[in-house]
Amino acid sequence: MTATVERSWASRLDWVKLAPWLCTAGLFIFWEIAVWIFDVPYYILPSPTRIAHAAWEFGPGLWRNSLQTLWTTLAGFGLAIVFGLALGLFIGWDKRIYAGLYPLMIGFNSIPKVAVVPILVLWFGAGWVPAVLTAFLISFFPIVVNVATGLATIEPEMEDVLRALGAKKMDIMTKVGIPRSLPYFFGSLKVAITLAFIGSVLSETIAANSGVGHMMLTAQANFEVPLVFACLIALAIEGIGMYALMAWVEMRMTGWAHRSGFNR
Amino acid sequence: MAFVDIQNVALRYKPQGSDEGTLAVEHLDLSVERGEFVAVVGPSGCGKSSLMKLATGLNFPTDGRVTVAGNDVSGPVAIAGMAFQNPVMLPWRLTRDNVLLPLEVVEPHRRSFRSNKKAYQEKAEKLLASVGLEGAGSKFPWQLSGGMQQRASLCRALIHEPELLMLDEPFGALDAFTREELWCVIRDLHASKGFTTILVTHDLREAVFLADRVYVMSARPGKIIVDRHVPLERPRPIEVTYEKEFSDIVQELRGHIADARQ
Ligand SMILES: Nc1ncnc2c1ncn2[C@@H]1O[C@H](COP(=O)(O)OP(=O)(O)OP(=O)(O)O)[C@@H](O)[C@H]1O
Ligand SMILES: [Mg+2]
């Protein structure tokens, strides 16, 4: 009797929805217990409760710096969207432009961005400008590549159908190319926002006077190890939030591209 | 002069900046009268699709002359409609809006498209109904079967009432039953609207059933080696395909193709 009741109780829960929360909670519990059992000193690996305490103690500063990082990231990301779209459309416009600029883009993208930050600091001084620019530089590449690829892979038959009717390049782009590259574009936003975030934090840890990256660096210098970890977790939360937002935007904007039901 | 006239045409695909390249067709002569239904058959790679591109102004001859409706082809021929083996529908548009796509592009419709949208939509639904797709217009193309998509693709080729219909292996990917159904759809559309049709196909029965005239092309570089008139009376019921006269013509053409592949 009790067995059937239990089963219906368990089957009413949506395990897929619960899974991420359970896994996260599990990780922290495991972490807490491990620190406690092996008696790890807090300046090596602080326990989650200790980190939470630090986060509480430095709450206002952590909040302010998180907002700063968020702002920097979004500014860089916004620039990346504008320029990435424009450059992607330009590159995808014509096979020759695509062929000419693609290797340059690859070359540019393979420069480690850490190496660029000092140059940006040299040009713009320490502060938020290099952070925004690093976020921009690191995140616009996937947008460009995805938009250009969407345009460059129009089915030749579709192009023939339209061209035979006297369609101009502009018609083909607006009717087929651009709508076609939108799922690629929105798909790339998820990747781009994560990269923008990495870029801004990277620049903040090198040369800035605010932001979570800067706060981490200061905390480390003061040997406030729990605060360093609190900063890390704040970054993780922000990263997840932005990724989730972009994934949601992608689903909303390009439902037709997810028609296979494979991901459902 | 014939409606479509191709005289001694050669077409060479040149890679950028070189004079070498693939000679797709050479010494190609072909003429199609107004309202005629012509089928082109030939071994794979002999230049049949190239022929379609020449006749619609998507490619220009390296040598020779192509005229359509009395004019030299110097750019895309907007009086043509095209359908291919791959129906290539745009997945973000409803089937009806896919069918309407040519009207958003071709003159003079593109000017009046926005103001007359309702009338155009009704026209599209009517055309869809005439190929057996009632009510499918408000579905997305990926919600249709392959055969239904191919019907919709035919509608897209016909929506601007072209004088010339170009079909490049339109039924190649369909099963035998669907294919025969679509033969009848094309036959009836051709009978009622009277457009000139050029059909490229690998299926000799399809060619003989539909066409007034079958051209056989040689292996690459392609040229016409046989011009076979099909004397079967119209309208042709599908049963005609079981008659001796029909299979004799198919056999004869099969022999020519076998020779062409040597
Ligand atoms: N865009 C192109 N660039 C270079 N060569 C091409 C191009 N299109 C076709 N060819 C070549 O021209 C020749 C004829 O091609 P085409 O597509 O016209 O043949 P086809 O008769 O339609 O073949 P199939 O029956 O297989 O469809 C082939 O050898 C092909 O490789
Ligand atoms: Mg072909």
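List the residue pairs whose Cβ atoms are under 9 Å apart, where the first residue sits in segment B:41-60 and is closer than 14 Å to B:Ala80 by Cβ, the second is more than 10 Å from ligand 2 (Cβ to nearest atom) and among the aromatic types (Phe, Trp, Tyr), and the two are 6 or more positions apart or on different chains.
Hits for this filter: B:Leu54/B:Phe60; B:Asn59/B:Tyr13.
Would you point out which residue out of B:Arg111, B:Arg93 is of a type in the set (Lys, Arg), in contact (Cβ under 8 Å) with a residue 40 or more places away in the chain and under 21 Å from A:Lys169 (Cβ atoms)?
Numbers: B:Arg111 fails: in contact (Cβ under 8 Å) with a residue 40 or more places away in the chain.
The match here is B:Arg93.
Each row is one residue, and each column tells you yes or no for (1) within 16 Å of ligand 1 (Cβ to nearest atom); (2) closer than 26 Å to A:Ser181 by Cα; (3) in contact with a helix residue (DSSP H, G or I) (Cβ under 7 Å, 6 or more places away or on another chain).
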site	(1), (2), (3)
B:Ser49	yes, no, no
B:Ala55	yes, no, no
B:Arg65	no, no, no
B:Gly75	no, no, no
B:Gln85	yes, yes, no
B:Arg93	no, yes, no
B:Leu103	no, yes, yes
B:Ser115	no, no, no
B:Gln121	no, no, yes
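Hey, can you tell me all the residues within segment A:131-157 that are surrounded by fewer than 21 Cβ atoms within 10 Å (Cβ to Cβ) and closer than 30 Å to A:Ser203 by Cβ?
Going through segment A:131-157, the residues surrounded by fewer than 21 Cβ atoms within 10 Å (Cβ to Cβ) turn out to be A:149, A:152-157.
The answer is A:Thr149, and nothing else.
Have a look at B:Leu253, B:Leu158, B:Leu199, B:Leu232 and point out the one that is away from every other protein chain (no Cβ under 14 Å), touching a Leu at 6+ places or on another chain (Cβ under 7 Å) and away from ligand 2 (no atom under 16 Å from the Cβ). Quick ask: steps written out before the conclusion?
On the way: B:Leu158 fails: away from every other protein chain (no Cβ under 14 Å); B:Leu199 fails: away from ligand 2 (no atom under 16 Å from the Cβ); B:Leu232 fails: touching a Leu at 6+ places or on another chain (Cβ under 7 Å).
Going through B:Leu253, B:Leu158, B:Leu199, B:Leu232 in turn, the sole match is B:Leu253.
How about segment B:76-90: which of its residues are more than 7 Å from chain A (Cβ to nearest Cβ), surrounded by fewer than 22 Cβ atoms within 10 Å (Cβ to Cβ) and either closer than 14 Å to B:Glu169 by Cα or among the polar types (S, T, N, Q) (or both)?
Within segment B:76-90, just B:Gln85 meets the criteria.
Taking into account only those residues within segment B:134-155 that are hydrophobic (A, V, I, L, M, F, W, C) and within 20 Å of the chain's Cα centre (by Cα), which is nearest to ligand 2 (Cβ to nearest atom)?
B:Leu154
What residue, of B:Gly147, B:Gly172, B:Gly132, B:Gly137, is in contact with a His (Cβ under 8 Å, 6 or more places away or on another chain) and small (Gly, Ala, Ser)? Reasoning before the result, please.
Numbers: B:Gly147 fails: in contact with a His (Cβ under 8 Å, 6 or more places away or on another chain); B:Gly132 fails: in contact with a His (Cβ under 8 Å, 6 or more places away or on another chain); B:Gly137 fails: in contact with a His (Cβ under 8 Å, 6 or more places away or on another chain).
The conditions single out B:Gly172.
Within segment B:91-102, how many residues turn out to be facing chain A (nearest Cβ under 9 Å) and under 15 Å from A:Leu165 (Cα atoms)? Full working, then the answer.
Our first condition is that a residue be facing chain A (nearest Cβ under 9 Å); within segment B:91-102, this holds for B:91-93, B:101-102.
Then keep just the ones that are under 15 Å from A:Leu165 (Cα atoms); that gives B:101-102.
Result for segment B:91-102: 2.
Residue under question is B:Ala2, and the condition is that it be more than 12 Å from ligand 1 (Cβ to nearest atom) and in contact with a Leu (Cβ under 7 Å, 6 or more places away or on another chain); does it hold? Reasoning before the result, please.
Working: more than 12 Å from ligand 1 (Cβ to nearest atom): yes; in contact with a Leu (Cβ under 7 Å, 6 or more places away or on another chain): no.
No; evaluated as a whole, the condition is false for this residue.
Here's the yes/no breakdown for (1) touching a Ser or Thr at 6+ places or on another chain (Cβ under 7 Å); (2) over 16 Å from A:Ala52 (Cα atoms):
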residue	(1), (2)
A:Ser203	yes, yes
A:Ile206	no, yes
A:Gly213	yes, yes
A:Met216	yes, no
A:Ala221	no, yes
A:Leu227	no, no
A:Ala236	no, no
A:Tyr243	yes, yes
A:Met246	no, yes
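Which condition breaks for B:Val216 when tested against (1) farther than 22 Å from B:Gly81 by Cα; (2) buried (at least 21 other Cβ atoms within 10 Å of the Cβ); (3) more than 16 Å from ligand 2 (Cβ to nearest atom)?
For B:Val216, the failing item is (3).
So which of B:Glu206, B:Glu163, B:Glu169 ends up being within 23 Å of B:Gln85 (Cα to Cα), touching a residue at least 60 places away in the same chain (Cβ under 8 Å) and crowded, with 23+ Cβ neighbours inside 10 Å?
Values: B:Glu163 fails: crowded, with 23+ Cβ neighbours inside 10 Å; B:Glu169 fails: crowded, with 23+ Cβ neighbours inside 10 Å.
That would be B:Glu206, the only listed residue that is within 23 Å of B:Gln85 (Cα to Cα), touching a residue at least 60 places away in the same chain (Cβ under 8 Å) and crowded, with 23+ Cβ neighbours inside 10 Å.
Could you list, in sequence order, all residues of segment B:30-70 that are within 14 Å of chain A (Cβ to nearest Cβ), within 30 Å of B:Ser192 (Cβ to Cβ) and either away from ligand 2 (no atom under 13 Å from the Cβ) or among the hydrophobic types (A, V, I, L, M, F, W, C) (or both)?
Once the filter is applied, which keeps residues that are within 14 Å of chain A (Cβ to nearest Cβ), within 30 Å of B:Ser192 (Cβ to Cβ) and either away from ligand 2 (no atom under 13 Å from the Cβ) or among the hydrophobic types (A, V, I, L, M, F, W, C) (or both), segment B:30-70 yields B:Leu51, B:Met52, B:Leu54, B:Ala55, B:Thr56, B:Gly57, B:Leu58, B:Val66, B:Val68.
Among all residue pairs at least 6 apart or on different chains, which show Cβ distances below 7 Å where the first residue, located in segment A:19-41, is surrounded by 10 or more Cβ atoms within 10 Å (Cβ to Cβ) and the second is hydrophobic (A, V, I, L, M, F, W, C) and at pLDDT below 90?
A:Val35/A:Leu45
Conditions tested, residue by residue: (1) under 28 Å from B:Leu128 (Cβ atoms); (2) free of Cβ contacts under 8 Å to residues at least 24 places away in the same chain; (3) outside any helix (DSSP H, G or I); (4) of a type in the set (Gly, Ala, Ser).
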position	(1), (2), (3), (4)
B:Leu189	yes, no, no, no
B:Ser192	yes, yes, no, yes
B:Tyr215	no, no, yes, no
B:Ala219	no, no, yes, yes
B:Val226	no, no, yes, no
B:Pro231	no, yes, yes, no
B:Phe246	no, no, no, no
B:Glu252	no, no, no, no
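Can you tell me which residue is farthest from the other protein chains (Cβ to nearest Cβ) among those in segment B:1-22 that are farther than 21 Å from B:Glu169 by Cα and within 16 Å of ligand 2 (Cβ to nearest atom)? Show your work before the answer.
Taking segment B:1-22 as the starting set, the residues that turn out to be farther than 21 Å from B:Glu169 by Cα are B:1-3, B:5, B:7-10, B:12-22.
This time we only want the ones that are within 16 Å of ligand 2 (Cβ to nearest atom), so: B:13, B:22.
Working: B:Tyr13: 14, B:Thr22: 16 Å.
Checking each candidate, the answer is B:Thr22.
Is it the case, given these coordinates, that B:Val73 is farther than 14 Å from B:Met217 by Cβ, within 14 Å of chain A (Cβ to nearest Cβ), hydrophobic (A, V, I, L, M, F, W, C) and more than 13 Å from ligand 2 (Cβ to nearest atom)?
Working: farther than 14 Å from B:Met217 by Cβ: yes; within 14 Å of chain A (Cβ to nearest Cβ): yes; hydrophobic (A, V, I, L, M, F, W, C): yes; more than 13 Å from ligand 2 (Cβ to nearest atom): yes.
Criteria met by B:Val73.
Output the helices (runs of 4 or more DSSP H) that fall wholly within segment A:158-264 and possess 1 or more residues being away from chain B (no Cβ under 14 Å) and either surrounded by fewer than 17 Cβ atoms within 10 Å (Cβ to Cβ) or touching a residue at least 40 places away in the same chain (Cβ under 8 Å) (or both), or say none.
Qualifying helices (runs of 4 or more DSSP H): A:178-206, A:212-221, A:225-253.
The values are calculated or read from the model by the stated rules, or taken from the named source; none is laboratory data. Quick caveat: nothing in here was measured; it's all calculated off a predicted structure. With ideal geometry, Cβ positions are generated from the backbone for all residues, glycine too; neighbour counts draw on all protein chains shown.
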